[in-house]
Amino acid sequence: MSDSIAFPNLGIYLPHVIKSFTVFGYEIAVYGITMALGILAGMYMAVYVAKKTGQDADDYMNLTLIGIFTGLIGARAYYVIFSWDYYRLHPLEILDFRGGGLALYGSVIGAVSTAVIYALAKKLKPALMLDTACTGLVLGQVIGRWGNFFNREAFGGYTDNLLAMRLPLSAVRADEVTELMMEKAEEIGGETFIQVHPTFLYESLWNLGVLFLLLLMTKKKFKKADGEIFLWYLLLYGAGRFWIEGLRTDQLRIWGTDIAVSQLLAAVLALCSGLLIILIRFRFRDKKRID
């Protein structure tokens, strides 16, 4: 039962959810496969939007190939920087990607930086490229978050709501278990189980809604200027991440404080993006009046 996952209030019981499997003696993590599927789906989404908007699809395929590496480096760097109390004592583990420790916001920063640099190098419009690439980025996040499901990680505190997820205590990291979880823990068949917020699911569903809205904006020619759809991505994703991050028990914190760095970053990006969208709208309205 140590590899089971259940959603008891939905009546869903999964007795065997594997974290990895072996092929020719080499262990392959399901997390990695999930990430790969997310990247592939995201690339095709960006290519689809590029074709619909009259852009060269090859640019987005090239961007994806480069972004795989820069996103991975960004995700690792972000995690290491805000876990420095550990890594300064274990510097040889900094490059141990297989040991775990990736932060989604770091990958976003790496991917966005890559898109801007690529666009400038190719003499394309960075804002337009970000508008297109963010549709693929958010689809990748929808799929990629399920890697946390297979790893039994990135969950929230105790809950008994409709979507509550039940995990074996032996399958999770001890530092992510709260006192309330232990107070509410159950013994089933000799195994101890905790019940938690499935924050991976919340974020996956939220991002699916964000993707729908972004595609709707693209199809309806909603935006008033290049870059606006990307700003809406930052606003909508940031709003959801701010709420969801507050539920998690594995938050990375700013050094010497109790401030969750990703929650703060989500709030700042959402607020700044919202203000920029308002400015764009006012500017467009004023320009229309002059015309």
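Just so it is clear, none of the values below were taken in a lab; they were calculated from the coordinates. Since the model is a prediction, treat every value here as computed from it, not as a measurement. Cβ sites come from the backbone with ideal geometry, for glycine too, and all protein chains shown count toward neighbours.
Name the shape class, rounded, prolate or oblate, that the alpha-carbon gyration tensor gives for the range 59-163, where a ≥ b ≥ c are the square roots of its eigenvalues, rounded holds for a/c under 1.5, and otherwise prolate holds if a/b is larger than b/c and oblate otherwise.
oblate
So what is the relative contact order of the range 45-103, in percent, for Cα pairs below 8 Å that sit 6 or more residues apart?
28
Mean separation of Cα pairs under 8 Å and 6+ residues apart, divided by the residue count of the chain: what relative contact order is that in percent?
Answer for the chain is 19 percent.
In whole Å, how far is the Cα centre of the range 1-25 from that of the range 78-93?
Cα centroid of the range 1-25 versus Cα centroid of the range 78-93: 31 Å apart.
Taking other Cβ within 10 Å of each residue's Cβ, how do Ile278, Ile73 sort, fewest first?
Fewest to most other Cβ atoms nearby, the residues stand as Ile278, Ile73.
Collect residues whose amide H, placed 1.01 Å from N in the peptide plane, falls under 5 Å from the amide H of Ser20; neighbours closer than 5 in sequence don't count.
Close amide H contacts, sequence-distant or interchain: Val30.
Using θ = phi - 60° and the Karplus form 6.51 cos²θ - 1.76 cosθ + 1.60, what ³J(HN,Hα) does each residue of the range 228-242 get, whole Hz, x for Gly and Pro?
My calculation for the range 228-242 gives 5, 5, 4, 5, 5, 4, 4, 5, 6, 5, x, 4, x, 5, 4 Hz in order.
So what J values fall out for the range 76-83 if you push phi through Karplus, 6.51 cos²θ - 1.76 cosθ + 1.60 with θ = phi - 60°, rounded to Hz, Gly and Pro as x?
6, 4, 4, 5, 5, 4, 8, 10
Fewest first, what order do His90, His197 take by the number of other Cβ atoms within 10 Å?
By the 10 Å Cβ count, ascending, the order reads His90, His197.
As a footprinting exposure proxy, order Thr192, Thr135, Thr34 by other Cβ within 10 Å, with the fewest listed first.
With the fewest neighbours first, Thr192, Thr135, Thr34 line up as Thr192, Thr34, Thr135.
Using θ = phi - 60° and the Karplus form 6.51 cos²θ - 1.76 cosθ + 1.60, what ³J(HN,Hα) does each residue of the range 60-68 get, whole Hz, x for Gly and Pro?
Computed from phi, the couplings for the range 60-68 are 7, 6, 5, 4, 5, 4, 6, x, 4 Hz.
Amide H to amide H under 5 Å from Ala6: which residues, 5+ apart in sequence or cross-chain, H placed 1.01 Å off N in plane?
Here the answer is Leu14, Arg166, since their amide H atoms fall under 5 Å of that of Ala6.
Dividing the Cα radius of gyration by the Kirkwood radius, what Rg/Rh value follows for the range 5-290?
Ratio of gyration radius to Kirkwood radius: 1.00.
So for the range 152-274, considering every pair of alpha-carbon atoms, how many percent are separated by more than 19 Å?
57
In terms of modelled amide H atoms, which long-range or inter-chain residues lie less than 5 Å from the amide H of Arg253?
Those lying under 5 Å, H to H, from Arg253 are Val261.
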